[in-house]
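The values are calculated or read from the model by the stated rules, or taken from the named source; none is laboratory data. Values in this document were obtained by computation on a predicted structure and should not be read as measured data. Here Cβ is always computed from backbone atoms with ideal geometry, including for glycine, and neighbour counts include all displayed protein chains. Protein only, heavy atoms only, side chains kept; ligands, DNA and RNA dropped before computing areas. Shrake-Rupley method; radii C 1.70, N 1.55, O 1.52, S 1.80 Å.
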There are 6 protein chains.
Amino acid sequence: MNRHEKAGPKKSSGDAVALDLAAAPLDADSQAYFAKCEEKLGFVPNVLKAYAFDLAKLKTFIAMADDLMLAPSGLSKLERELIAVAVSSANHCHYCLVAHSAAVRKYSKDPKLADTIVANYRAADLDERTRAMLDFAWKMTVEPWGIEEADRARLRTAGFTDRDIWDIAAVAGFFNMSNRVANATDMRPNDEYYSMGR
Amino acid sequence: MNRHEKAGPKKSSGDAVALDLAAAPLDADSQAYFAKCEEKLGFVPNVLKAYAFDLAKLKTFIAMADDLMLAPSGLSKLERELIAVAVSSANHCHYCLVAHSAAVRKYSKDPKLADTIVANYRAADLDERTRAMLDFAWKMTVEPWGIEEADRARLRTAGFTDRDIWDIAAVAGFFNMSNRVANATDMRPNDEYYSMGR
Amino acid sequence: MNRHEKAGPKKSSGDAVALDLAAAPLDADSQAYFAKCEEKLGFVPNVLKAYAFDLAKLKTFIAMADDLMLAPSGLSKLERELIAVAVSSANHCHYCLVAHSAAVRKYSKDPKLADTIVANYRAADLDERTRAMLDFAWKMTVEPWGIEEADRARLRTAGFTDRDIWDIAAVAGFFNMSNRVANATDMRPNDEYYSMGR
Amino acid sequence: MNRHEKAGPKKSSGDAVALDLAAAPLDADSQAYFAKCEEKLGFVPNVLKAYAFDLAKLKTFIAMADDLMLAPSGLSKLERELIAVAVSSANHCHYCLVAHSAAVRKYSKDPKLADTIVANYRAADLDERTRAMLDFAWKMTVEPWGIEEADRARLRTAGFTDRDIWDIAAVAGFFNMSNRVANATDMRPNDEYYSMGR
Amino acid sequence: MNRHEKAGPKKSSGDAVALDLAAAPLDADSQAYFAKCEEKLGFVPNVLKAYAFDLAKLKTFIAMADDLMLAPSGLSKLERELIAVAVSSANHCHYCLVAHSAAVRKYSKDPKLADTIVANYRAADLDERTRAMLDFAWKMTVEPWGIEEADRARLRTAGFTDRDIWDIAAVAGFFNMSNRVANATDMRPNDEYYSMGR
Amino acid sequence: MNRHEKAGPKKSSGDAVALDLAAAPLDADSQAYFAKCEEKLGFVPNVLKAYAFDLAKLKTFIAMADDLMLAPSGLSKLERELIAVAVSSANHCHYCLVAHSAAVRKYSKDPKLADTIVANYRAADLDERTRAMLDFAWKMTVEPWGIEEADRARLRTAGFTDRDIWDIAAVAGFFNMSNRVANATDMRPNDEYYSMGR
């Protein structure tokens, strides 16, 4: 007997999560967004299908995720995805590790880097800037109460501006949220993610 | 010598965070939102001032926070604030404990309840529904990788629908994000919060 | 259904703890001590009512607590209460956080300081001496096996004498005891504590 | 170079702790107590020498320790010493493990039992009552915020009265204090303890 | 600057570990073993190159690893590799996650299963037998002192014999060793492992 | 009721472990090895009896253990036993603490040193070399993912060669394995170990 058998009849939220939430009818904006996903990725990420039971929730999630991961920043898109994967490794989040290691492969063209960050970012050949960034994100994740001025100072020494520090904090914070939403709802990555960019 | 003295000349981000981020000019929507805060609360929460260096970030934060905490849900506003405080207690988040225990006081008219949840929700006189909800939020916070079907099943037994479970997960997830952004940036609660509702 | 309903008929140990312990008749000394509490505080702290089932235990507890918190020391009474609250925050002790944050308010006249230490002492504007003291108390609490000469050396550098170090250790140790007795017996703070000094 | 060499000239507090605290002149009561130790044990325990820089502290410590460990109780003296050792094992307290495993040997005449509890009480051949008692003491030690009515209920099922539960909590609490005072001051067991009762 | 640049001139132990250990001349048996690796895998695993500075150590490692992972057992080879990956996930061991997830792909022909176990075995669609086996291996890894008769009883209920339980314990124990040797020496997986079986 | 009573009829694996595994007939080599144990120690260690259900497993275990603990190394035999005991203290392994503290007594002729390492190696009077070695072994045990070049560098500064570092890692790794096999199978030390060398 496996999880899917236990889950009974196919849920309206399909393979996305272990909750039975009826999908809301998409409005034009959401349809366009999903169509763009199909076009660019070949599929709609399950995290979006999971949020699609409520368009307001879907849209606030997309707005925040896209701002954090795609808007102009002193952090490259790859750096932001590295934070996503390192945080998700600390939290053992299946959905985010699979989906965002695919993004690391896409931006870095380096599948070995992606698998290394999934396992333990300390084992990767990182420059000091990237290492300092991931040390900060890891500490935020496992001991958030202990972050202090000295931790921010180390980031400044590694060349990050205060705005960059905000962005590191915001991205690391965001994945501490979505890791937990994913774990709490048993969110399942789309099959396509596993082999993307390999 | 204290933190403020160490921080040097007054920052553009004022008393809100330990990062030097120049506030962006507010657009009409943001001005209106801040004006409504002044009217309702008597002040603009520092978390919003902190995000105000970038209007896109400010707006996505407001949209998500307001949807989670104020939109219709099977969870009452008080229940959502109880989750906020229990999660923030696990993460020892100064900003969120001060701001959201004020919200618990506002909705519950019970300052003792608020202080108890700040300390240890297990010590509060809670009905089984609320207790199950906070146990789930606590486990999501401290051991997110361990959440399983049995944890969701306990919520269903306590009377929560699958949609309610989503909302518990989403609120608990959100404060695991904002706790960490606050801790990472040394976010400071407005003075007014400490005594609101006492 | 709440805890008090579950507890059945009112216990002899009243609202103090979740154990049914018949109060012993107070002797003259104990009566005088309780009377002084009523006079000074307006009530007898529940921790004393909890111990009152056995006069020998009540007296040894009072003797040790009063010596540690009130006798002459290189640590001010406020400093000792700050240790009490920081340790109780690490241990999530409801009784001690409520009772001793009231004491911090009393000695400091600063309710915001008290609420900050309850949440996370690292977020407070502390001078280096106080910060070193609370770092030592926190480490004693969460990783007592790891305390070493280097930790004591840091206290000496911050201006503490060896006698002061003893007092820090003794106060932090004491609240690691009373936090656990309180948590183990579900000790409940007197209602009056919540608003004292606000 | 070892710790003693680092410590410089012999301290007034002798071999007892890594703090330089001048011993206070003993009064008649304290002299009598120390004499009784010499008579019964053959030496004065270093914990008492450590406290002897201040007679008030020495006496409150002795009063509490003797009440908890020697006064009438539903717990046998051996049971109280088993709690002492199990708590000290969780906290890796050198002083208390050495001194109180000697006490377990004395009361049980079973050196193997003592060494087993030092290592891991779960490996000992314990009846259900003792096992429930030590499970409670261990949880109080490592996760005090999580103790609940269900934990107390298990003790009642194992045959403990509410008064017994108090005593378990008080003894386990006490060693969480003295373990930390010992670790924080580098308290060193008297040489005699190591071989007593073997 | 990256790790390899920091490491200076190419080490005799090559890309295998961050220690400078001169390879010993292989004897006939070892040459044959390495030749068989080349034939079957296309390369000699770096863990073997790491041990090759000392033939006795190399041979005892190979003997134990091959007995545990390849000899007849009530556990299938895939089950043993699942234990290897789950334990390595708890320990965040880069070398073992990369090498043994390749083995899971080889035996299961299911790359998604492998990536799921790397992330969090609780998210995989496992039957009860496999789930019980991995729960036991995880607990052995993160809380070995807490394993008890009840844990072994759950394995027996899931259909495992006492001999199977030994094998689960031995394999989980072995990877708790090799994870740590790999982390302690910065052992690096052969490039070939990353894409094997995808 | 105790563990032995629960275990039912005497098992073929005797007092060694809580698993029912029929001993295999020993071959000449194994008989000779056991005879040597009887001669040197006066008994066959239970860990060997536990492995004796399968001669291949018995021999690979003996080969690895003897190579690590007895073969030429830059680490003395005492140093290797100190690592064994410190690791076993972190893991609360009853079997290994009892058996290897006996070995520390044998090599050091210092029972107090042995008991101190069992409790907390930080409390022992160690030179800097030994302390650095045990700090590395402890970190490998409790936070293996965090070991880095800086940790190896500290060992080199303390005088260890890269080969010595391998040996520290290998011995600490080995006891992280055997601690877990012992805990998982409830392995029981031979009675003789408790008093050997006292």
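Remark: the range B:56-198 carries 29 Å² of accessible area per residue (probe radius 1.4 Å; ligands, DNA and RNA excluded).
Taking C:T161, C:T60 and ordering them by how much accessible surface each has at a 1.4 Å probe, largest first, produces C:T161, C:T60. Electrostatic bookkeeping for E:L82 treats Lys and Arg as +1 and Asp and Glu as -1; over the other residues with beta carbon under 13 Å from its beta carbon, the sum is -1. Placing unit charges on the Cβ atoms of the charged side chains and taking the dipole of chain D about its Cα centre, the candidate lying farthest along the positive direction among D:A114, D:M177, D:A71 is D:A114. Under the criterion of Cα pairs below 8 Å and six or more residues apart, the relative contact order for the range F:124-195 equals 31 percent.
The trypsin sites (Lys or Arg not before Pro) of the range D:96-187 meeting both criteria, a DSSP state outside H, G, I, E and B (loop) and at most 16 other C-beta atoms within 10 angstrom of the site's C-beta, are D:K109.
Could you estimate the translational diffusion coefficient of the range F:76-137 from the Stokes-Einstein equation, with Rh from the Kirkwood formula over C-alpha pairs, at 10 °C and 1.306 mPa s, in whole µm²/s? Diffusion coefficient, whole number: 144 µm²/s.
Given R0 = 41 Å, the distance between the Cβ atoms of E:S76 and F:V142 translates into a calculated FRET efficiency of 0.80.
Its Cα centre serving as origin, the range D:92-198 has a Cβ charge dipole (Lys and Arg +1, Asp and Glu -1) of approximately 220 debye. Segment D:R154..D:F43, full-extension length gain: 35.9 nm, with 0.36 nm per residue of separation and the alpha-carbon distance subtracted. Label separation (C:K36 vs C:K109): 2.6 nm, computed from points 7 Å beyond Cα along the C-beta direction. Each other residue within a Cβ distance under 9 Å of D:F136 adds +1 if Lys or Arg and -1 if Asp or Glu, for a net charge of +1. Put the Cα centre of the range F:11-80 next to the Cα centre of the range F:81-131 and the gap is 21 Å. Mean-square fluctuations from a GNM of chain A, with a 10 angstrom spring cutoff on Cα atoms, peak among A:I83, A:I147, A:I165 at A:I147. Estimate the FRET efficiency between B:A24 and C:D27 by the formula 1/(1 + (r/R0)^6), using the beta-carbon distance for r and 45 Å for R0, to the nearest 0.05. It comes out at approximately 0.05.
When +1 charges are put on Lys and Arg Cβ atoms and -1 charges on Asp and Glu Cβ atoms, the dipole computed for the range B:97-159 relative to its Cα centre reaches about 260 debye. Label point of A:L55 (7 Å along Cα→beta-carbon): distances to the other copies' equivalent points are 2.4, 7.6, 7.6, 7.6, 8.3 nm, sorted ascending.
Peptide A:148-155 has a mean of 3 when you count, residue by residue, the C-beta atoms of other protein chains within 10 Å of its C-beta.
A:D127 label point, 7 Å along Cα→Cβ, cut-off 13 Å on backbone N: hits in the range A:152-194? Taking a point 7 Å out along Cα→Cβ of A:D127, the residues of the range A:152-194 whose backbone N falls under 13 Å are A:158-160.
Normalised by the number of residues in the range E:62-198, the mean separation of alpha-carbon contacts (under 8 Å, six or more apart) gives a relative contact order of 37 percent. Pairwise Cα separations in the range B:37-110 fall into 5 Å bins from 0 onward with the following percentages, short to long: 3, 14, 20, 28, 23, 10, 2, 0.
Using a cutoff of 8 angstrom between alpha carbon atoms and counting only pairs six or more residues apart, the relative contact order for the range A:40-141 works out to 23 percent. Nearest-to-axis residue in chain A, judged by Cβ distance to the rotation axis that brings A onto C and given in whole Å, is A:E143, 7. Long hydrophobic helices in chain B, taken as whole DSSP H segments with a C-alpha length of 15 Å or more on their own axis and mean Kyte-Doolittle hydropathy at least -0.5: B:55-70, B:77-90, B:94-108, B:128-142, B:162-185. Which residues does the label zone of B:L55 cover in the range B:16-43, counting backbone N under 18 Å from a point 7 Å along Cα→Cβ? In the range B:16-43, the label zone of B:L55 (backbone N under 18 Å from the point 7 Å along Cα→Cβ) covers B:22-37. Each of the peptides A:40-51, E:19-30 was scored by the mean count of other Cβ atoms within 10 Å over its residues; in descending order, highest first, they stand as A:40-51, E:19-30.
Placing +1 on the Cβ of every Lys and Arg and -1 on the Cβ of every Asp and Glu, with no other charges, gives chain B a dipole of roughly 320 debye about its Cα centre. In loop segments of the range B:118-187 as defined by DSSP, there are no chymotrypsin sites (Phe, Trp or Tyr not before Pro) with at most 15 further C-beta atoms inside 10 Å of their C-beta.
Comparing E:D127, E:D151, E:D115 in a Gaussian network model of chain E where C-alpha atoms under 10 Å apart are linked, the largest mean-square fluctuation is found at E:D127. In units of the rule-of-thumb radius 2.2 N^0.38 Å, the range E:68-173 shows an alpha carbon radius of gyration of 0.98. Sorted shortest first, the separations between the E:E148 label point and its copies elsewhere in the assembly read 1.8, 1.8, 3.4, 3.9, 3.9 nm; each point sits 7 Å from Cα along the Cα-to-Cβ line. Chain B and chain C together bury an accessible surface of about 2300 square angstrom, both sides counted, with a 1.4 Å probe and no ligands or nucleic acids included. The range E:134-168 and the range C:172-198 have Cα centres separated by 40 Å.
Semi-axis lengths, largest first, of the ellipsoid equivalent to the range D:1-153 are 31, 19, 16 Å, with √(5λ) applied to each eigenvalue of the Cα gyration tensor.
The coefficient of translational diffusion for the protein assembly as shown, derived via Stokes-Einstein from the alpha carbon Kirkwood radius under 4 °C and 1.567 mPa s, stands at 41 µm²/s.
Remark: for residue pairs C:K139/D:K57; D:K57/D:K77; C:K57/C:K109; C:K139/E:K139; B:K36/B:K139, the C-alpha separation exceeds 28 Å in C:K57/C:K109; B:K36/B:K139. Summing Lys, Arg as +1 and Asp, Glu as -1, what charge do residues with Cβ under 10 Å from the Cβ of E:D115 carry, E:D115 excluded? Charge balance near E:D115 sits at +1.
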